[in-house]
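Notes follow once the structure below has been shown.
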Amino acid sequence: MKKKWWHDKVAYQIYPKSFCDSNGDGIGDLQGIISKLDYLKDLGVDIVWLSPIYPSPLADEGYDIADYYGIDPRFGTMEDMEELIAEAKKRDMYILMDLVVNHCSDEHEWFLKACEDPDGKYGKYFYIVDAGQEDKLPTNWRSYFGGPAWDKLPGHEDKYYLHVFHKKQPDLNWENEEVREEVYKMVNWWLDKGLGGFRIDAIINIKKPEVFHDYPADRADGLCSIQCMLQEAKGIGRFLRELQERTFRLHDSFSVGEVFDADEDEITDFVGDDGYFSSMFDFGTALLGGDPAGWYRRKPVQAKEYIKAVYQSQKRLGDIGFYSNIIENHDEPRGVSHYLPEGECCVEGKKMLALLSFMVKGLPFIYEGQEIGMENKTFASIEEVDDCSTMHEYQVALEAGLTPKQAIEAVGKYCRDNARTPMQWDDSENAGFTTGRPWLAVNPNYKQINVKAQQADEDSVLAFYKKLAALRKSAEYKETIVYGDLILVPQEDENVMVFYRKSADKTLLVAANYQSVAADIKLTGQMNKEVLNNVRELHIDDGILYMQGYQAVVLEVE
Ligand code: GLC
Ligand code: CA
C-alpha cells in the first residue's frame with residue numbers, strides 16, 4: 001500500500017444543522033463551526049466532513065441540493081465558508097464537503113428547466129419516461145424513502161421522472177456526458193477553493209441498468225427494493241474512474257465513498273492505491289440486524305456479530321487500502337445505544353466501542369457527539385420526528401399491524417433523528433447549542449452528558465477519545481496503529497475480541513470484553529507496557545488477563 005497524506009489522520013463528521021448555532025435562530029451554522037475548531041483540534045481531529053450546507057429546500061435535510069455553488073443562508077454565506085476553510089488551514093485541518101450527485105433537488109434550475117421542456121437539453125439531465133398505458137408506472141421500483149421511485153413530471157401528466165430517494169430528489173442521468181462534465185466542473189471549483197476533499201453520497205446509485213423493467217414484488221405494495229435494479233446495473237467503474245481522474249486525482253484530495261456493497265473483486269478498483277476513492281466507509285456493523293421487511297422487524301445487534309463483522313471487514317480489505325471506520329453517522333442510531341445491549345449503555349462500554357474503532361486498521365471517523373457518548377433519544381410519538389425515512393418506516397410498521405405506540409417504539413430506535421439532536425455542549429438551557437429554540441429537540445440527558453462536564457473529568461468518554469487520537473499520532477505507536485498488520489487471536493468466548501497490531505519493531509495487543517460479565521484471556525507473550533485501559537485496574541496473573549465487563553485494553557507485548 002502506498003502511503004498517503006491522510007492515513008495517519010483522525011476525522012470527524014459535523015451535522016451542521018445540529019452542531020452549534022451562533023445567532024440564536026435554532027439552526028447550527030458555519031460561524032458556530034468556526035467557533036468550535038479549537039475544540040476539535042484539541043480532541044485530535046484533522047479532517048472535518050460537513051454534511052450538506054448548500055441551498056436546499058431540506059426535504060432530506062440538505063441532501064436535496066438546489067445550487068451546488070452556494071451556501072444555504074440558514075448556514076451562513078460563502079464568505080463564512082471561505083473563512084472556515086482558512087481557519088481550518090491555520091490549524092492544519094482539512095474541510096470536506098458532501099458530494100451529493102446521484103440526485104439534485106427538484107428546485108434545482110436543471111430540474112425546473114427539464115419540467116419546462118422535457119425534450120430539451122435539461123430533460124436529458126434526468127430520467128424522464130413516458131407513462132405507460134392507463135398511466136402505468138415505468139417500473140415497480142420502491143424508493144428508499146417509500147412509495148414508487150417514479151412521480152409525475154410536474155406539468156406533464158404523461159411523463160414520469162425517476163427518484164430513488166425522496167420525490168424531491170430527482171436522479172441525475174450520469175449516462176449523459178454533459179451531466180458528468182457539470183459535476184467535474186463543480187467539484188474542481190470547490191477543490192480550487194481549498195477544500196480537502198469530499199464525502200461522496202449514495203454514489204452506487206448513479207449507475208442504472210440498461211433496460212428498465214419490473215422485478216418480483218417483495219411487499220404487499222407490489223413494489224421491489226431498489227437493490228434489484230442496482231444489482232443489474234453494471235459498469236459504474238467507468239464513471240467513477242472518470243470522476244477520480246478529472247477531479248480528485250488532480251488535487252491529491254481526500255475522498256471517501258458511501259459504498260454499501262462493492263463486489264469483492266472490485267475493492268482494489270474502489271480503494272486500492274489508485275482507487276476511485278481514497279477510502280470508503282465500513283458499514284459492516286451498520287448492516288447488522290437489518291430486515292428487508294422494514295425497521296420494525298430489525299433485531300438487536302449481538303456482541304459476537306459485531307466482532308465478526310469488524311474482523312470480516314478488516315480481512316476483506318487487508319493491505320489493499322483503508323476503510324473509514326465509523327460507529328455511527330447521521331443516518332444511524334447512536335452507536336452506544338444500538339451496539340450495547342439495552343440497559344448496558346455504560347461509560348466502559350462506550351469507551352470499548354471507541355477503542356475498537358480506533359485500534360483496527362483504517363481512518364477513524366467520529367460523528368459529532370460520539371466523543372461524549374451521546375445516546376439515542378426516546379420518541380414518544382411520530383410528531384416528534386422530523387426524518388422522512390422514519391415517517392415511511394412508521395407507516396410500514398402500522399401497515400404490518402402494529403399500534404401507533406408499538407410502531408414508534410420499534411422504529412424510534414433506528415430513527416435518524418437519534419443522531420441529529422443538537423450537540424450537547426453544556427448543561428445550560430438547550431445544552432448550549434442555541435440561545436433560541438432548537439430546530440429539533442435536545443436530548444433531555446444533556447444535563448448529565450455534555451462536553452463541559454466531560455472536559456472537567458479525566459475519566460470521561462471525551463478524555464478517552466482524546467487519548468485514542470493522541471495514541472494514533474504518537475511517535476511511539478503511530479506506525480503500528482496506522483500501518484501495522486492486524487492479526488486476530490481467536491477466542492473461545494465469542495463475546496471477546498483479541499487481536500495484534502504488528503509493525504516491524506512493535507506489537508500491540510488489543511483486547512475487548514464485549515459483555516457485562518468478566519472474562520479471562522490467555523496471553524501468549526510477555527507484556528511490556530500498559531498502553532491504554534478503559535478501567536483503572538489491570539489484572540494479569542500467570543499469563544492470564546482477567547477482564548472486567550466491558551473492559552478494553554491496549555498492551556505492548558513482546
Ligand atoms: C445518503 C445520506 C442520507 C441521504 C441519502 C440521499 O445515504 O447519508 O442522509 O438521505 O444519501 O441523499
Ligand atoms: Ca444559526
Suppose the chain between LYS41 and GLU458 were pulled fully straight at 0.36 nm per residue; how much longer would it get relative to their current alpha carbon spacing?
148.3 nm
So how much accessible area does LEU532 have, in Å² to the nearest 10, using a 1.4 Å probe?
10
Carbon and sulfur together cover what percent of the accessible area of the chain at a 1.4 Å probe radius?
48
Rounded accessible area per residue of segment 485-557, 1.4 Å, Å²
49
Which order, highest average first, do 324-331, 63-70, 347-354 follow once you tally other Cβ atoms within 10 Å for each residue and take the mean per peptide?
347-354, 324-331, 63-70
Given the protein chains as shown and a 1.4 Å probe, how many square angstrom of ILE544 are accessible, to the nearest 10?
40
If you split all Cα-Cα distances of segment 72-142 into 5 Å bins from zero, what percentages do you get per bin, shortest first?
3, 12, 13, 14, 14, 11, 9, 8, 7, 5, 2, 1, 0
Just order 401-413, 211-223, 175-187, 511-523 by mean Cβ neighbour count inside 10 Å, highest at the front, would you?
511-523, 401-413, 175-187, 211-223
Note down the Stokes-Einstein diffusion coefficient of segment 99-225 in µm²/s, whole number, using a Kirkwood radius over alpha carbon pairs, 4 °C, and 1.567 mPa s.
84
What is the antiparallel percent of DSSP beta bridges lying wholly in the chain, to the nearest 5?
60
Accessible area expressed per residue, segment 159-289, with surrounding protein chains retained (probe 1.4 Å, Å²)
38
How many nm is it between the label spots at ASP252 and LYS3, if each spot is 7 Å from the Cα in line with the beta carbon?
1.3
The Cα radius of gyration of segment 485-557, divided by 2.2 N^0.38 Å with N its residue count, comes to 1.01
Tell me which of THR480, GLN526, TYR69 sits at the most positive position along the dipole axis of the chain, charges placed on C-beta atoms (Lys, Arg +1; Asp, Glu -1).
GLN526
What are the principal axis extents of the Cα atoms in segment 1-103, in Å, biggest first?
41, 33, 21
Difference of contour (0.36 nm per residue) and Cα-Cα distance, LYS308 to GLU479:
59.0 nm
Which length gain, in nm to one decimal place, applies between GLU157 and ASP274 when the Cα-Cα distance is subtracted from 0.36 nm times their residue separation?
37.5 nm
Calculate the translational D of segment 424-558 in whole µm² s⁻¹ from Stokes-Einstein, where the hydrodynamic radius comes from the Kirkwood formula applied to all Cα pairs, the temperature is 20 °C and the viscosity 1.002 mPa s.
125
Computed about the Cα centre, the charge dipole of segment 485-557 from +1 Lys/Arg and -1 Asp/Glu charges at the Cβ has a magnitude in debye, to the nearest 20, of 280
Using a Förster distance of 41 Å, the FRET efficiency for TRP189-ALA220 (Cβ separation, nearest 0.05)
0.30
SER225: accessible area at probe 1.4 Å, nearest 10 Å²?
40
Segment 200-242: radius of gyration and largest Cα-Cα distance (Dmax), Å
12.2, 40
Fraction in percent of alpha-carbon pairs per bin - 10 Å, the chain:
3, 17, 28, 28, 17, 6, 1, 0
Suppose each label sits 7 Å from its Cα in the direction of the beta carbon; what would the SER381-ASP130 distance come out to in nanometres?
4.9
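The values are calculated or read from the model by the stated rules, or taken from the named source; none is laboratory data. The model shown is predicted, which means the values in this text are computed figures rather than measured ones. Cβ coordinates were reconstructed from backbone atoms using ideal geometry, including for glycine residues, and neighbour counts include every protein chain displayed. Note: accessible area is taken over every heavy atom of the protein model, side chains too, but ligands, DNA and RNA are not part of it. Shrake-Rupley method; radii C 1.70, N 1.55, O 1.52, S 1.80 Å.
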